[in-house]
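Have a look at the structure below before the remarks.
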Amino acid sequence: MTVTDRRGLPLSNATAACAEALDAALDDALAFRGDPVARIDEALAEHPDFVMGHVFRAGMLTQAMETRIYGAMVDSLEKAEALWDRANDRERAHIRAVRAWTEGDFHGAVQRWEAGLVQNPHDLLALALVHLTDVLLGDIAGQRDCVARVFPLWDESIPGYEFVLGFYSFGLEENNDFSRAEEAGRRALALRPDHPYAIHAVAHVMEMQGRQLGGVHFMTSRRDVWAESNFRNHLWWHLSLFLLDLGRVDEVLSIYDHSLRGSGGAGEKYEELDSAALLWRLNLVGVDVGRRWADLADKWEPSAADTLYAFNDVHAMMAFVGDRRGEAQERLLTANERYLEHAGDANAAMSREIGLPFCRALQAFAAGDYRACVDRLLPVRYMTHRLGGSHAQRDVIAWTLLEAALRAGDGNLALALANERCQLKPSSPQNWRLVARAHVLRGDQERARRAWARAESPLAA
């Protein structure tokens with residue numbers, strides 16, 4: 001008798017207990033709770049020839065983007081490859097994808113998972129890995145379209161539909177289809193209120209639309225649901241963005257101290273990424289964060305020379321320049337320069353095009369050479385999606401460029417950049433503060449006064 005998962009997909013070398021463990025581990029992973037890898041490890045201890053167990057383990061570990069995880073990922077892949085002759089076509093598609101990943105061909109991995117999805121549109125693991133990898137790579141259209149290709153073949157009768165809705169919500173949001181994105185996200189939450197990724201997708205919609213007060217209410221009213229999830233650090237960061245835009249700095253610092261850094265984290269790089277991203281934004285608005293940079297830089301130092309993922313490297317550089325750790329900065333830059341001399345993988349392109357220019361711009365900014373920072377960032381401002389992450393995360397590059405222009409005394413450029421931001425998000429107090437400062441530089445006190453007034457009462461404008 002063929003053993004299948006909850007969506008009817010056959011599993012090789014599996015027992016009913018294996019299928020149950022796989023379904024539970026996948027549910028935990030997509031709901032950001034528990035320890036999905038530990039759960040599948042228990043099944044593999046009892047059934048070491050369970051192909052999809054090794055496939056699941058290897059696939060989920062691709063998303064960590066940490067050097068310390070790499071050996072475990074390769075080990076799982078090799079165990080799956082050893083079972084190749086006993087694997088079915090779906091499992092082989094996964095094995096091919098992870099093998100491409102280990103070789104640095106992240107785009108090739110996506111293509112292999114996508115090929116498997118064409119044949120098995122209910123392969124929720126493959127869909128999750130394609131979507132999440134597209135986020136890592138900054139493939140904006142791919143984040144949406146990987147779901148769109150299978151979406152009509154899913155409905156509420158199929159287990160995991162709420163996760164498909166969550167993925168689609170985020171993909172739609174990143175492609176600026178905000179109304180449909182919010183609808184999909186709220187449908188996902190109606191099916192599963194404890195769905196952190198759907199909460200995250202709706203928060204992104206509200207962030208992009210400048211709905212700060214609504215965003216604070218949306219996040220805080222659901223805090224009991226998400227504050228214990230493995231995604232909590234990133235969701236605390238999202239709440240902080242709304243508060244920072246509103247100028248509620250004391251609340252932002254409290255979140256940093258007691259939630260981002262005080263909760264013990266989720267055991268993933270998100271803790272350091274979100275912490276660095278938040279401290280750098282506080283730096284841009286002139287907040288003295290005291291010893292916080294030093295404590296965070298201590299966390300980043302061991303991975304200074306990893307060169308595994310450019311998105312990580314730029315956040316490490318934020319911490320190093322924030323704490324003025326010159327040696328760590330040079331170690332990161334030297335490692336990346338040597339890596340680019342011989343590397344031809346997907347991350348090499350990300351590092352060369354955006355990662356290193358932004359790292360050097362951060363150095364220039366911290367050194368007070370604001371004109372150099374502008375000169376490094378202005379040419380790449382429309383290429384930043386290649387760094388990976390979301391629009392909200394990458395906005396730190398545009399904000400750094402604008403702040404550097406202001407501090408360099410370039411009122412004309414600063415006003416042009418600030419006007420851009422206000423046209424996209426006219427309800428943002430922070431954007432109007434930037435416009436006001438640019439007008440001051442240009443000597444237009446009346447326009448500056450009106451912009452300051454808008455900053456004080458954005459929702460009345």
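Quick look at the numbers
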quantity	calculated
C-alpha center-to-center spacing [the range 70-90, the range 211-259] in angstrom	40 Å
The range 42-158 shape via C-alpha gyration tensor axes, a/c threshold 1.5	oblate
Cα long-axis angle, helix 445-456 against the chain (0 to 90 degrees, to the nearest 10)	40 degrees
Under 12 Å, Cβ to Cβ, from G247 - net charge with Lys/Arg +1 and Asp/Glu -1	-2
Calculated FRET efficiency for the pair D35/H258, C-beta based, R₀ 22 Å, to 0.05	0.35
Summed side-chain charge close to Y382 - residues other than Y382 whose Cβ falls under 12 Å, Lys, Arg +1, Asp, Glu -1	+1
Added length on full extension, which subtracts the Cα-Cα distance from 0.36 nm per residue, R447 to Q111	115.8 nm
Theoretical gain in end-to-end length, Y70 to A17 [0.36 nm per residue, Cα-Cα removed]	16.3 nm
Listed values (i) 22.7, 80; (ii) 23.8, 93; (iii) 22.4, 69, entry calculated as Rg and Dmax of the Cα atoms in Å	(i)
Accessible surface of the chain, 1.4 Å probe, proportion on carbon and sulfur as whole %	48 percent
Full-stretch length increase - E420, D298 - with 0.36 nm per residue and alpha-carbon distance subtracted	40.3 nm
Residues of the range 288-377: accessible area per residue with a 1.4 Å probe, Å²	40 Å²
Accessible area in square angstrom per residue, the range 42-81, 1.4 angstrom probe	41 Å²
Euclidean distance between Cα centres, the range 355-430 to the range 132-151, Å	26 Å
Surrounding net charge for R33, when Lys and Arg each add one and Asp and Glu each subtract one, Cβ distance under 11 Å	-3
Global form of the range 351-461, assessed from the alpha-carbon gyration tensor, a/c cut-off 1.5	oblate
Tilt relative to the chain, helix 196-209 - C-alpha long axis, 0 to 90 degrees, to 10	30 degrees
Gyration tensor verdict on the range 1-103 (Cα atoms; rounded if a/c is under 1.5, prolate if a/b is larger than b/c, oblate otherwise)	oblate
In sequence order, calculated HN-Hα J values of the range 90-96 (Karplus, 6.51, -1.76, 1.60; Hz; x Gly/Pro)	4, 5, 5, 4, 5, 4, 4
The chain - charge dipole about Cα centre, Lys and Arg +1 at Cβ, Asp and Glu -1, debye rounded to 20	1680 debye
Inter-label distance, nm, simple model (7 Å from Cα along the C-beta direction), V285/R180	3.4 nm
Helix axis angle, 51-62 relative to the chain longest principal axis, alpha carbon, degrees	10 degrees
Per residue accessible area in Å² of the range 136-274, where ligands, DNA and RNA are left out and the probe is 1.4 Å	36 Å²
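The values are calculated or read from the model by the stated rules, or taken from the named source; none is laboratory data. What you see is a predicted model; the values in this text were computed from it and never measured. Neighbour counts run over all protein chains shown; Cβ positions are idealised from the backbone, glycine included. Surface areas here come from the heavy atoms of the whole protein model, side chains and all, with no ligands, DNA or RNA. Shrake-Rupley method; radii C 1.70, N 1.55, O 1.52, S 1.80 Å.
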